[in-house]
Amino acid sequence: MKITIDHPASRFGLPVILGDTGDVLSYKLGIALAQFKLGLTTRELAKALNVSVRTVHGWHAGKTPECRCLNMLGKLLAEHRPTVVFESADAPPLGYLVLTKSGKLIRKRLKPPTVS
């Protein structure tokens, strides 16, 4: 996943969000996926991008983010290195996304199993 202006879909210098397969994502879905990939809450994302929580909620509702915010989010994604929590291939995932038919994003987190 990356955010770039070097794509034919980018207009007037406004960056586009590309998924892992290279497809252009809507800002609504792209920001939600980037937030999930970074492992940030809405409050943490707002703080990292120097905007209000209400602004991030607006993006989740489909409003277009400012260019500077997209550039900052792109830098966060480029610098992000995921942490390996489980070494076993059959370990349960730490989290997952569910996208409803109406386009509403539901984020659910699973806690790692406790070892007794």
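The values are calculated or read from the model by the stated rules, or taken from the named source; none is laboratory data. These numbers come from a predicted model, not from an experiment. In this analysis, Cβ positions are derived from the backbone assuming ideal geometry, glycine residues included, and neighbour counts consider all displayed protein chains. These area figures cover heavy atoms from the full protein model, side chains too; ligands, DNA and RNA do not enter into them. Shrake-Rupley method; radii C 1.70, N 1.55, O 1.52, S 1.80 Å.
In this structure, the amide hydrogen of residue 49, modeled 1.01 Å from its nitrogen in the peptide plane, lies closer than 5 angstrom to no residue at least 5 positions away or on a different chain.
Accessible area per residue was computed with a 1.4 Å probe on protein heavy atoms; residue 44 scores about 90 Å². Taking all C-alpha pairs of region 1-73, those more than 19 Å from each other amount to 25 percent.
Taking label points 7 Å from Cα along the Cα-to-Cβ direction, residue 42 and residue 21 give a separation of 2.9 nm.
Sum up the charges of everything whose Cβ sits under 15 Å from the Cβ of residue 49, counting Lys and Arg as +1 and Asp and Glu as -1, but leave residue 49 out.
Details: positive: 37, 43, 47, 54, 63, 68, 75; negative: 44, 66, 79.
Neighbourhood net charge equals +4.
For region 12-18, putting each phi into the Karplus relation 6.51 cos²θ - 1.76 cosθ + 1.60 with θ = phi - 60° gives couplings of 6, x, 7, x, 10, 9, 9 Hz, in residue order, rounded to whole numbers and with x for Gly and Pro.
Per the 1.4 Å probe, what fraction of the accessible area of region 1-77, in percent, lies on carbon and sulfur atoms? Write down the numbers at each step before the final one.
Values: 2450 of 4460 Å².
Summing carbon and sulfur atoms, their accessible area is 55 percent of the total for region 1-77.
With a simple spin-label model that places each label point 7 Å from the Cα along the Cα-to-Cβ direction, the separation between residue 75 and residue 50 comes to 0.9 nm. Each label point was placed 7 Å from the Cα along the Cα-to-Cβ direction; for residue 11 and residue 57 their separation is 2.9 nm.
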